[in-house]
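Inspection log for the structure reproduced underneath, given as structure tokens.
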Amino acid sequence: MINIKLKRNAKKIDKFLINFINNQKKSLLVAPMKYGVISGGKKIRSTIIFDMGRLFKIKEKKLIHICAAVECIHSYSLIHDDLPCMDNDSYRRGKPSTHKKYGEATAVLAGNSLLTLAFEIISDKKNSLNAKQKNEIIQLLSNFSGHTGIAGGQELDLKFENKRKKINQIIDMQRKKTGKLFNFCLQSTVIIAKKNKKEKNFFGKLGEEIGLLFQLADDILDVKGSKKLVGKPIKKDKKKGKSTLIHLLGYKNAINYAYKLQKKILLKLKKHGKNANELQNTIKFILERSF
């Protein structure tokens, strides 16, 4: 059931992105941009935004621009992470990485273009949000995409290779690299729902916990998953000397940590009752996909 929901949501976002890009002026970067963002990937972040929409009873058409922007940011970060100067990965989402398909220089430019496209999508006049909401969401996404978020987390990830780090250092790195974009998914929806600062902070922090859970699930898949399931080679973290919670705590302890974190997240959503059912199911899937 959850897989059907993910596929349905992914098709909606892909359709939106194809139409948005096709309505712009053409360039040589359109093909690698589409290759990086549209084909493949479960688009879990978009599903979480839609799930949050159900929690606050927001129609999907008010959320679609935010979903598309999130996928552009996520895909830009993956294109850059895969580059030889970073993680040097040849496969992503079951196909050659963007730099393997189009070359390194084109991959860098396509990633940069997806980064800026995200902000074009949010500020688009067809986005029905008011100017104040757009500005707040753009500022949030800017903070979480740059040196205090995804980019800063990737830098720490590279610097931590082959070094023994404390648990709080690894969690801080993973909150930036993965958690901040999940923070955005939840917090941007709260902005659209016109909730107060307390609600924004609550869901923002909850988003970072979901992101940490997602990263743990990814790390577990790297150890015990299959190339077909993951869509890229496995057992890379150990070879590269990555600092992960599995490396620090051991496999069984890391799994226990993940289940405790999942339980903590689900308990925090309990007060929202059945409105949070879809979000709870997605959170359960995040960890279950590892086994």
Where residue 123 falls short, out of the listed (1) in contact with a helix residue (DSSP H, G or I) (Cβ under 8 Å, 6 or more places away or on another chain); (2) modelled with pLDDT under 95; (3) of a type in the set (S, T, N, Q):
(2)
Among the residues of the range 1-28, count how many are crowded, with 17+ Cβ neighbours inside 10 Å and closer than 15 Å to residue 118 by Cα.
6
Inspect all residues belonging to the range 122-132 and state whether any of them is among the β-branched types (Val, Ile, Thr) and within 16 Å of the chain's Cα centre (by Cα).
no
Extreme residue, modelled with the highest pLDDT, among residues of the range 224-247 that are in a helix (DSSP H, G or I) and surrounded by fewer than 17 Cβ atoms within 10 Å (Cβ to Cβ)
240
Which pairs turn up if I take residues in the range 159-176 that are farther than 14 Å from residue 210 by Cα and look for partners that are surrounded by 15 or more Cβ atoms within 10 Å (Cβ to Cβ) and of a type in the set (Val, Ile, Thr) with beta carbon separation below 8 Å, at least 6 apart in sequence or on another chain?
160/170; 170/244
Right, residue 44: under 15 Å from the mean Cα position of the chain (by Cα) and touching a residue at least 12 places away in the same chain (Cβ under 8 Å) or not?
yes
Among the candidates 107, 118, residue that is touching a residue at least 12 places away in the same chain (Cβ under 8 Å), out of contact with any Gly (no Cβ under 6 Å at 6 or more places or on another chain), farther than 13 Å from residue 188 by Cβ and crowded, with 21+ Cβ neighbours inside 10 Å
107
In the range 255-268, which residue that is hydrophobic (A, V, I, L, M, F, W, C) and either exposed (fewer than 15 other Cβ atoms within 10 Å of the Cβ) or without any contact (Cβ under 8 Å) to a residue 12 or more places away in the chain (or both) is nearest to residue 208 (Cα to Cα)?
266
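On the given criteria, is residue 90 closer than 22 Å to residue 178 by Cβ, surrounded by 21 or more Cβ atoms within 10 Å (Cβ to Cβ) and of a type in the set (S, T, N, Q)?
no
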Answer yes or no: is there a residue in the range 97-110 that is in contact with a Pro (Cβ under 6 Å, 6 or more places away or on another chain), outside any loop (DSSP other than H, G, I, E, B) and either on the phi > 0 side of the Ramachandran plot or not hydroxyl-bearing (Ser, Thr, Tyr) (or both).
yes
Could you list, in sequence order, the residues of the range 74-87 that are farther than 15 Å from residue 14 by Cβ and either among the hydroxyl-bearing types (Ser, Thr, Tyr) or crowded, with 23+ Cβ neighbours inside 10 Å (or both)?
76, 77, 79, 80, 82
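Filter the range 137-175 down to residues that are charged (D, E, K, R), farther than 21 Å from residue 188 by Cα and outside any loop (DSSP other than H, G, I, E, B), then give me how many there are.
Adding up the residues that qualify gives 4.
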Within the range 101-131, the count of residues that are out of contact with any Phe, Trp or Tyr (no Cβ under 8 Å at 6 or more places or on another chain) and of a type in the set (Lys, Arg) comes to 2
Where residue 109 falls short, out of the listed (1) more than 14 Å from the chain's Cα centre (by Cα); (2) more than 20 Å from residue 26 (Cα to Cα)
(2)
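The values are calculated or read from the model by the stated rules, or taken from the named source; none is laboratory data. In this text the structure is predicted, and so the values were computed from the model without any measurement. We place every Cβ from the backbone using ideal geometry, glycine too, and count neighbours over all the protein chains shown.
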